[in-house]
Amino acid sequence: MARSSTEAKYRAIVQGVCEVIRLEKFMEDLKIQNPTPTRQYCDSKFAISIVNNSVQHDQMKHVRIDRHFIMQEIEDGGVCLVYIPIGLQEADILTKTMNKQSFELIRSKLGMKEISYQLEGEC
C-alpha cells in the first residue's frame, strides 16, 4: 500500500516500465523493432525526481530496487520519462471533471468529434 500519492505514482511508473518491457519482448517475437525509447508520461514531478535523484530514494527501502530497475531501462534507451501537466492527459477526459476548454482540447487530441443525431419521435 502506498503511503502517499507520490509513492503511488512512482509505483505506477514502475508498473508501466514493466509493461513496456513485456510489450517490447512481444514485439521482438513478432520481428518488430522499436528504434526510439518508449515515452512514459507522468503528472508528478516528485515521482520522476525519485527516479532521477539517487538520494531521495534512500528514505524508502523498497524503492531502491525499483529505482535501479527503472534507471537501467532509461540508460539502455528503452524508456523515457516525460512530465505532462494534469490538464493535458488524454485519460483525464475519462476520469475527471474538467472545464469546457480542457475537455475540447483533449477531445481534439483524441480525434473525437461531437456526433449530433435525432432520436426517433423527436421533432
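Any read-out appearing in this document is the output of simple, stated calculations on the displayed coordinates, not a laboratory observation. Quick caveat, the model's predicted, so the values are computed rather than measured. Quick reminder, even Gly has a Cβ in these numbers, built from the backbone with ideal geometry, and neighbours come from all protein chains shown.
Taking H as built 1.01 Å from N, whose amide H comes closer than 5 Å to the amide H of L81, not counting residues under 5 places away?
Here the answer is Q40, since their amide H atoms fall under 5 Å of that of L81.
Provide the net charge surrounding G78, with neighbours chosen by a C-beta distance below 15 Å and charges set as Lys +1, Arg +1, Asp -1, Glu -1.
Cβ neighbours under 15 Å give a net charge of -3.
Past 29 Å, Cα to Cα: identify those pairs from K45/K100; K25/K113; K45/K109; K45/K96; K45/K113, in the order given.
From K45/K100; K25/K113; K45/K109; K45/K96; K45/K113, over 29 Å: K25/K113; K45/K113.
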